[in-house]
Amino acid sequence: RRDPDRAGLCPPAVHSPLPLVSHGAEADPIFCYANAAALALWGMGWEAFTRLPSRLSAETEPDIQGDRARLLAAALTKGWVGDYQGIRISATGRRFMIRDTVLWTVTDAQGTRHGQAALIRRVEPLG
């Protein structure tokens, strides 16, 4: 897991006010990147976040996990999904809705899949 300041991303991505995250291509994907806005949103530091299976960023309820699984599968099939929304949960248990989220499959120049990334354009706290 690379330090966010040395991840090779352009400064606008690292310092964007919009949360940006990515996970690897493992069977149970682990987060491998989060910018400062995402770390603040989930209430976690870099070391903890980049050890977190991405499924644990959402509540474990079957409906929520099923919605998340459908999103990931659609992005794999299509290459990307725009305007996604879903419920997520912070490290402290605070629930929030992500909206207008774009999720895409991350590939290299040869087409090898390395994971998926998401840009969260809107967040709403939930009660």
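Quick check: is even one residue across segment 74-92 open to solvent by 50 Å² or more (accessible area, probe 1.4 Å), out of contact with any His (no Cβ under 8 Å at 6 or more places or on another chain), more than 21 Å from Asn35 (Cα to Cα) and free of Cβ contacts under 8 Å to residues at least 40 places away in the same chain?
Going residue by residue through segment 74-92, those that are open to solvent by 50 Å² or more (accessible area, probe 1.4 Å) are 76-78, 80, 83, 85, 91-92.
With out of contact with any His (no Cβ under 8 Å at 6 or more places or on another chain) added as a condition, the list becomes 76-78, 80, 83, 85, 91-92.
Now drop any that are not more than 21 Å from Asn35 (Cα to Cα), which leaves 76-78.
Adding the requirement that they be free of Cβ contacts under 8 Å to residues at least 40 places away in the same chain leaves 77-78.
The answer is yes; a qualifying residue exists.
Is there a residue being modelled with pLDDT of 90 or more, among the small types (Gly, Ala, Ser), assigned to a strand (DSSP E or B) and touching a Leu at 6+ places or on another chain (Cβ under 6 Å) anywhere in segment 29-38? No, because not a single residue in segment 29-38 is modelled with pLDDT of 90 or more, among the small types (Gly, Ala, Ser), assigned to a strand (DSSP E or B) and touching a Leu at 6+ places or on another chain (Cβ under 6 Å).
If we keep just the residues of segment 48-71 that are in contact (Cβ under 8 Å) with a residue 40 or more places away in the chain and open to solvent by 30 Å² or more (accessible area, probe 1.4 Å), which is nearest to Gly127 (Cα to Cα)? Don't jump to the end; show me each part of the working.
Kept after step one, since they are in contact (Cβ under 8 Å) with a residue 40 or more places away in the chain, are these residues of segment 48-71: 48, 50-51.
Cutting the leftovers down to open to solvent by 30 Å² or more (accessible area, probe 1.4 Å) gives us 48, 51.
Working: Ala48: 25, Arg51: 27 Å.
Only one residue fits best here, namely Ala48.
Contact annotation: residue pairs with Cβ atoms under 8 Å, 6 or more positions apart or on different chains, pairing a residue in segment 100-119 that is within 19 Å of Glu26 (Cα to Cα) with a partner that is modelled with pLDDT under 95 and charged (D, E, K, R), are Thr105/Arg113; Val106/Arg113; Thr107/Arg113; His114/Asp108. Within segment 21-47, the set of residues being surrounded by fewer than 20 Cβ atoms within 10 Å (Cβ to Cβ) and within 23 Å of Glu124 (Cβ to Cβ) comprises Ala36, Ala37, Leu39, Ala40, Gly43.
Per-residue answers, yes or no, for (1) assigned to a strand (DSSP E or B); (2) over 14 Å from the mean Cα position of the chain (by Cα); (3) of a type in the set (D, E, K, R):
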{"site": "Met44", "(1), (2), (3)": "no, no, no"}
{"site": "Ala69", "(1), (2), (3)": "no, no, no"}
{"site": "Gln85", "(1), (2), (3)": "yes, no, no"}
{"site": "Arg99", "(1), (2), (3)": "yes, no, yes"}
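The values are calculated or read from the model by the stated rules, or taken from the named source; none is laboratory data. These figures come from a predicted structure and were not determined experimentally. Positions of Cβ are generated from backbone atoms using ideal geometry, with glycine treated the same way; all protein chains shown enter the neighbour counts. Please note that ligands, DNA and RNA were not included when accessible areas were found on the heavy atoms of the full protein model with its side chains. Shrake-Rupley method; radii C 1.70, N 1.55, O 1.52, S 1.80 Å.
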